[in-house]
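The values are calculated or read from the model by the stated rules, or taken from the named source; none is laboratory data. It should be emphasised that the depicted structure is a prediction, and the values quoted were computed from it without experimental measurement. In this analysis, Cβ positions are derived from the backbone assuming ideal geometry, glycine residues included, and neighbour counts consider all displayed protein chains.
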């Protein structure tokens, strides 16, 4: 389907970022969850690297500022997605 506005063709996008959530055309949330997984991996590395140098309370602050907010925001939308299984703790 082709859509035009002011005689200009509007192209379809695979995904769009809206209010901090990456939404794709099928609402599978895969791109959003993949982004969060990458971010969580980076946060785990940071926490693991500074763990011997900082107190437990400082590590909690770092976790909450870098990871917890990102995982909690919009969870009502993407949390039931099949792709959210990646977040299961093992």
Exclusive hit being assigned to a helix (DSSP H, G or I) and surrounded by 10 or more Cβ atoms within 10 Å (Cβ to Cβ), set 22, 43: 43
Does residue 59 fit the bill of being modelled with pLDDT of 85 or more and surrounded by 11 or more Cβ atoms within 10 Å (Cβ to Cβ)? yes
